[in-house]
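Before any comments, here is the structure.
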Amino acid sequence: MVFIERRRNADFSALRSLAFATLITSVAAILAPVSHAQEAAPEAPAMPVTVVRVAQLDLEESETFTGRVEAIESVALQAKVAGYLKAKHFEEGGTVAVGDLLFELEDDTYSNSVDQARAAVAVAEAQRKLAQQIFERQKVLTERDVQSQASLDTASANLDVAAAQVEVAQSQLDAATLNLDYTRIKSPIAGRIGRSDVSIGALISPTSGPLATVVQTNPIYVSFPVPQAKMLQVQKRHATPDDVIVKLKLSDGSEYAEDGKIAFADIQATTSTDSLLARAVFANPDGVLVGRQVVSVRIVGKTPVKQLAIPQQALLLDQQGAYVLTVAEDGTVNQARIETGQEQGTFMAVTKGLTEGEMVIVGGIQKVRPGMKVAPSEAQNTQ
């Protein structure tokens with residue numbers, strides 16, 4: 001019995017050993033393919049991106065300001081004599097030339113005054129002529145000792161009085177003629193005429209206020225404030241108005257067709273903004289620019305300046321400011337904080353943070369992040 005029991009125990013131990021060995025072999029068989037697969041998996045390829053080299057480009061120097069359009073000349077038409085309005089010879093908002101008749105007053109009273117003054121001149125001329133004849137006769141008689149010197153002196157005095165009366169009458173005629181001319185109100189400048197609130201038949205006078213306003217529209221001014229710091233920079237570069245051109249952007253975002261030039265800069269700065277008022281003059285043949293219109297003024301240097309520049313699609317922004325993603329020579333992506341300058345077309349000037357020759361990412365930028373390895377494909381950074 002003892003022998004049989006030992007035999008059973010030996011058989012059980014053998015079976016347990018065999019089962020354990022089988023289990024180990026099965027686990028190894030299961031794990032072996034997984035480990036082999038992991039070791040055989042190839043590395044992921046580097047992300048392809050498009051890059052450009054930071055380069056020096058010819059960019060224009062420019063500054064932008066907010067300006068307002070102003071007429072070079074503006075005249076409020078006002079009556080100089082009283083009278084009833086007889087006619088208006090213009091269309092509101094239309095163009096007028098120098099000397100165009102705009103308003104006409106009833107002139108009967110003033111025409112009669114001219115006729116009376118002209119008659120008074122004729123009377124005074126006749127009296128002067130008579131006084132001249134008397135003087136001549138008295139002079140001859142005095143030379144013959146037929147008449148006393150006193151009579152000649154009286155004749156001479158009467159001649160002077162008659163001549164003075166002619167001048168008085170002539171001045172009255174001139175005044176009457178001028179008043180008659182004032183009944184025809186003409187445009188003193190060329191431009192456009194605005195709205196008129198007076199009606200035909202209304203009594204107007206010098207105290208009635210402006211009848212209408214005429215503004216010169218071509219050429220025209222655009223005034224804009226320039227900060228004193230900017231003006232000092234211009235003065236340090238010894239720049240003159242001839243070194244720049246002035247461009248305008250209208251309220252709809254379009255560029256004004258005509259370029260302007262600086263015409264004036266004030267000699268005193270405003271105390272509230274520490275800025276100088278500058279003024280540019282523009283041709284305005286089509287009347288696109290109108291008085292008091294707000295425009296964007298861009299001062300552009302005529303000579304381009306070499307500046308570091310990158311395409312605008314490389315520029316990224318976050319809460320800390322502007323940055324770009326650069327690629328090192330080993331393909332590693334890095335972040336570079338930058339400071340930007342002037343924008344020109346599709347390019348942006350860079351004043352700080354990059355050096356010439358560095359590669360910045362412009363294509364595939366959404367799929368990469370700093371620290372990744374990429375496969376850069378270089379494009380040209382040209383204007």
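Values for this structure:
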| item | result |
| --- | --- |
| Gained length - GLU136 relative to ASP197, 0.36 nm times residue gap less alpha-carbon distance | 15.8 nm |
| Computed magnitude of the charge dipole of the range 269-383 (debye, nearest 20; Cβ of K, R +1, Cβ of D, E -1) | 300 debye |
| Considering only the chain, percent of DSSP beta bridges that pair antiparallel, nearest 5 | 90 percent |
| Computed magnitude of the charge dipole of the chain (debye, nearest 20; Cβ of K, R +1, Cβ of D, E -1) | 1640 debye |
| Theoretical FRET efficiency, 1/(1+(r/R0)^6), r = Cβ-Cβ of THR95 and ALA283, R0 25 Å, to 0.05 | 0.95 |
| Solvent-accessible area, 1.4 Å probe, carbon plus sulfur percent, for the chain | 53 percent |
| Choice from LEU130, LEU59, LEU289 showing the highest fluctuation, given a GNM over the chain with Cα pairs closer than 10 Å | LEU130 |
| Relative contact order for the chain, counting Cα pairs under 8 Å that sit 6 or more residues apart, in percent | 27 percent |
| For the range 65-204: accessible area per residue (Å², 1.4 Å) | 60 Å² |
| Simple label model, 7 Å out from Cα along Cβ direction - ALA175 to THR240, nm | 5.4 nm |
| DSSP H segments from the chain that extend 18 Å or more along their own axis, Cα-based, with Kyte-Doolittle mean of -0.5 or above | 2-40, 149-182 |
| Linear extension gain, SER62 paired with GLU329, 0.36 nm per residue minus alpha-carbon span | 92.6 nm |
| Relative contact order for the range 212-290, counting Cα pairs under 8 Å that sit 6 or more residues apart, in percent | 44 percent |
| Furthest towards positive pole of dipole, ILE189, VAL166, SER148, structure part the range 128-206, Cβ charges | ILE189 |
| Net charge dipole size for the range 110-262 [Lys, Arg +1 and Asp, Glu -1 on Cβ; Debye, nearest 20] | 540 debye |
| Residues whose placed amide H lies under 5 Å from that of THR213, excluding near-sequence neighbours | LEU77, GLY194, ARG195 |
| Too-long pairs where the Cα-Cα distance tops 26 Å, listed order kept, from LYS249/LYS302; LYS247/LYS352; LYS230/LYS261; LYS261/LYS352 | LYS247/LYS352; LYS261/LYS352 |
| For peptides 139-147, 271-279, 187-195, sequence by mean Cβ density within 10 Å, most packed first | 187-195, 271-279, 139-147 |
| Calculated FRET efficiency for the pair MET47/SER208, C-beta based, R₀ 56 Å, to 0.05 | 0.10 |
| Relative contact order computed over the range 235-383 (Cα-Cα under 8 Å; 6+ residues apart), in percent | 18 percent |
| Virtual spin-label span in nm between ASP145 and ALA269, 7 Å along Cα→Cβ | 9.2 nm |
| Label-point gap, in nm, between VAL161 and ARG337 - each point 7 angstrom along Cα→Cβ | 10.1 nm |
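The values are calculated or read from the model by the stated rules, or taken from the named source; none is laboratory data. Source: prediction; values computed, not measured. All Cβ positions, glycine included, derive from the backbone under ideal geometry; neighbour counts span all protein chains shown. Accessible surface areas use protein heavy atoms only, side chains included; no ligands, DNA or RNA. Shrake-Rupley method; radii C 1.70, N 1.55, O 1.52, S 1.80 Å.
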